[in-house]
Each structure stands twice: as C-alpha cells, then as structure tokens.
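Q: Below is one structure. I have some questions about it.
The values are calculated or read from the model by the stated rules, or taken from the named source; none is laboratory data. Here the structure is a predicted model, which is why all the values come from computation and not from measurement. Neighbour counts run over all protein chains shown; Cβ positions are idealised from the backbone, glycine included.
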C-alpha cells in the first residue's frame, strides 16, 4: 500500500514542482500526508482503487475537487471530505484563493481488515462499517467541521517533534472512531449544487452560529436569502452532512457544555443563550445529547 501512495504523492509533487511534504506510515494500511499547494489548478490521474478511502482536511485556503460523474467537493477551513480513490482517479483540483493547506489520510480497507490497529480490533470498522457507509457507490461525502472534529484535526499540527508521531497515531484512530459512529444515511451523500448556492449555505450556517440565542426558522432564512425552503434544506444537508436543525442543535449543545464548564452562568441563563426559552426543554435536550443532566455535567468537570 505505502508504495502506491508514495508514487501518487510523488506525482502530485512533480505536477506542482514543489516539495510539499512526505508520506507518513502510521499503521499497516493507514498513512498520512501533509499538503501545501500554491497553484490555480491541476489534474490528478492514478489507478482507481475502490478499497482505499481518502480523508481530506482543509486547514487553510480553499479547494474545489471535481471528480467523475459530475461529483464536486468544496472545502473551506475546518471542512473535510471522504471518498474512495476510485472516485478521484481522474479528477481536477482547483484553488480559488490560490493556495491550500491541509492533510490527507489514507486507509486501505483490504490491509487494515486483516491487520487492524490493536485498539480497533473486533470493532468491525474496516471490515463492515466503513465499506458499508462509504464504498457502496464510490460517491464522495462532504462534512463540515465542528468543535469535536477541529479538536481532532488541530492535534495533527504544532506538536513537539518528539510527540508528532504519537499524536498522529492517536488522533487518526480517534478520527476513525468518530466517522464510524457518525449517523450516516445515503441522503448525506454530496449532491451537485452551484458554487454560489454553496457559498450562501455557508453564510446561513455562519449566521445561525452567530445568532444562536435566536430561533430562526427555515421560512425566515428562505425569505432572507430568496431560496426555496426545500432547496435550502436539501442543500444544507448535502453541504454539512446532516439536517439544518440537527446540525445547529449539535452546536447549541457543544456551546452549552462549554459555558457550563467555563462560566458561572445559571442553567436558565445558558438555556436562553443557546436558544431555549424553557430551562426544562433545554435540560431534556442536553440529557438526550450528553446522557447526563446539565447540573451533573457541571459537577463532573469541577
């Protein structure tokens, strides 16, 4: 596996005529590459490998990845994507901002299913979970970052030299566990939308996070951005991998947990700050999400 990846990576380096890093072997069948591109666009051609999953994380800049069957991925800082290396066998990468900084993780399902990392033995992640979720039709999946994924990916950077490899090995397992437990249905697959609509969906997402205390409806957003409500809901799910309501609820719960940990605000105040007009409704939602009551959560971290 490593020889195949090293060849692909060297081909990219040759296209860019710039040394952007190296391929790092973490486990049998699992590797990592750090990427820094300064280019407008270039094409990639490699062997179609449906048994190899590629996870791409954007740290800085932007990338538009046009694949076969008119599939297209847009990545902004914090976003990540997942697809087989059959999907990107003949593809075009373009960089609207002229640069891109990120990383790519490779997982060879054939090799890892027979020799998984010790901590993931008997998990069925490589044998059934990842293949059934992501390899059925070789279509790419786009996922917007959140606090949990950013915590995972950020640890791949800015570590002491002696700690780099241990962090890389631990965090790649954490990422695989996160992806394996992710609530995934075929509708999460990336749909084909125009870039201006994708940009609007990002603006809507940012607005919702800025105005977390407000209850903004789909109808409100539809009128504000002049988008059909059904199109808005479908586009949001395609861009962020889940429904608008579920995605914002996740952010509300994560923000509430942060406030319980870092502030002395009352639970009623925190409930209002994350958009709940009823403390009881907030408490019930928090209990469902974290499996613990807000008051108990605060006590557990003090």
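Q: Any idea which residue in segment 206-228 is nearest to residue 141 (Cα to Cα), counting only those that are assigned to a helix (DSSP H, G or I) and within 25 Å of the chain's Cα centre (by Cα)?
A: So, considering only residues that are assigned to a helix (DSSP H, G or I) and within 25 Å of the chain's Cα centre (by Cα), the one nearest to residue 141 (Cα to Cα) is 206.
Q: Residue 69 passes all but one of (1) touching a helix residue (DSSP H, G or I) at 6+ places or on another chain (Cβ under 9 Å); (2) at pLDDT below 85; which number fails?
A: (1)
Q: Please indicate, with yes or no, whether at least one residue in segment 267-289 is outside any helix (DSSP H, G or I) and over 25 Å from residue 201 (Cα atoms).
A: Narrowing segment 267-289 to residues outside any helix (DSSP H, G or I): 274-278.
Among the residues that remain, those that are also over 25 Å from residue 201 (Cα atoms) are: 277-278.
So far as segment 267-289 goes, yes, one or more of its residues are outside any helix (DSSP H, G or I) and over 25 Å from residue 201 (Cα atoms).
Q: Considering only residues that are buried (at least 21 other Cβ atoms within 10 Å of the Cβ) and touching a residue at least 60 places away in the same chain (Cβ under 8 Å), look in segment 86-102 and name the one that is farthest from residue 145 (Cα to Cα).
A: Filtering segment 86-102 for residues that are buried (at least 21 other Cβ atoms within 10 Å of the Cβ) and touching a residue at least 60 places away in the same chain (Cβ under 8 Å), the one farthest from residue 145 (Cα to Cα) comes out as 100.
Q: A further question on this structure: So residue 257 passes all but one of these: (1) in contact (Cβ under 8 Å) with a residue 24 or more places away in the chain; (2) touching a helix residue (DSSP H, G or I) at 6+ places or on another chain (Cβ under 6 Å); (3) part of a helix (DSSP H, G or I). Which condition number does it fail?
A: Of everything listed in (1) in contact (Cβ under 8 Å) with a residue 24 or more places away in the chain; (2) touching a helix residue (DSSP H, G or I) at 6+ places or on another chain (Cβ under 6 Å); (3) part of a helix (DSSP H, G or I), residue 257 misses just condition (2).
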